[in-house]
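No value in this document is a laboratory result; all are computed from the given coordinates. Predicted model, so just to flag it, every value in this text is computed and none were measured. For neighbour counting, all protein chains shown are included, and Cβ atoms are generated from backbone atoms with ideal geometry for every residue, glycine included.
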Amino acid sequence: MKLFKTEHGIILEKGDVFYRLHQTDWDEAVNRDDLYEWLELQIESLLPVTFSEDQAFPTILAPIGSQEVWASGVTYFRSRTARMEESEKAGGGSFYDRVYDAERPELFFKSAAWRVVGNHGNVRIRKDSQWDVPEPELTLFATSSGTLVGYTIGNDMSSRSIEGENPLYLPQAKSYTGSAALGPCLYIPEEPLPGDTVIDIAIVREGLEVFNGEVTLSQMKRTPDELLGYLYREMDFPTGAYLMTGTGIIPPSEFTLQKGDVIHISIEPIGTLTNTVG
C-alpha cells in the first residue's frame, strides 16, 4: 500500500485503487506500529476515489509531518571507498574505513520536516561548494516505538568538496536548505523489502542523461533494524522518524551537479522521486 500526502488530504493506494482517508493529520495516521493492518481496516469503510481530467490527482507533498530526518553513512562498500578518496588529503580517509567495519554506524541529523522537499520540488547545491552529488537512498519510516512500518525514497544532497576538506564539516556538507528530498509516497508493505530490491538513479542535463547507476539492498553492510536500533538507542521521536540508509551509488570524481539538472531516483515498488537542482 502507498500513502500520498496531498494538498487535499491523505490518499491511500492499494492495487491501483485510490481511497481518501478520513484521518487528515499525517502524524496521527502513520505513527502506528500496526499501520498496515490499520489501513486494511480503513479500506473496509471507504469508497474508491477516481481521478480524471475533471478531477485531477491533488498536488503531492513530501510524505512527512513533524518528523525529523536522520541519515546514515558508509553503509555500502562503494560509499566507504569514495569517502576515503575525497578526504585523503585532509588526513581523514581512515575514519571512513574504520566506521565501515565498526559495530557502531555513522548517524547524523539531516533535516527538520519543514525543510524537506517533495516530489518535483527543487533541491539545491551550496553556493560555497565546488563538488556536489545527489545520494539516492532507501529511507525508512519508524514509529515512536522504533518499529519499521514503511519506506520512501530519499535524495541526500551532499557537498563532497566541503566534507572532503575536513570530516568535521559533515553537518555543513549534508544539512542546508534544499539538501533533503523525500517522496513520492510512504510505501507500507506487509513484509520487509527483499534484498534484491533495486535503487536506480538517472541524472539528466539539458535533455541528455549524464549519469546513471543502480545498486541492490543486498549490498548494504548494515540491516535496517540495526540502523534504527542505534538511532533510537538514546533518542525519543514522539511522532516517529525517517532514516536515510546510505548510498551505494557514487558518480565519478569528475562529475558534479549543475543548476537545472534533473534527478530521477527509482525504487520499485515505491515509485520515482524526481527533483530539479534549483
For a bin width of 10 Å, list the pair-distance distribution of the chain built from all Cα-Cα distances, rounded to whole %. 7, 30, 36, 20, 6, 1, 0
Listing Trp38, Trp131 by rising number of other beta-carbon atoms within 10 angstrom, fewest first, gives Trp38, Trp131
Calculate the length of the line joining the C-alpha centroid of the stretch 151-199 to that of the stretch 239-278, in whole Å. 7
Rounded to the nearest whole number, the Stokes-Einstein translational diffusion coefficient of the stretch 2-44 at 37 °C and 0.692 mPa s (Kirkwood radius, C-alpha pairs) in µm²/s is 311
Under 10 Å from the Cβ of Leu61, count the other residues' Cβ atoms, weight Lys and Arg +1, Asp and Glu -1, and hand me the total. 0
Helix-only estimate, please: 222 nm mean residue ellipticity of the chain, summing -39500 (n - 2.57) across DSSP H runs of length 4 or more and dividing by its residues, to the nearest 500. -5000 deg cm²/dmol
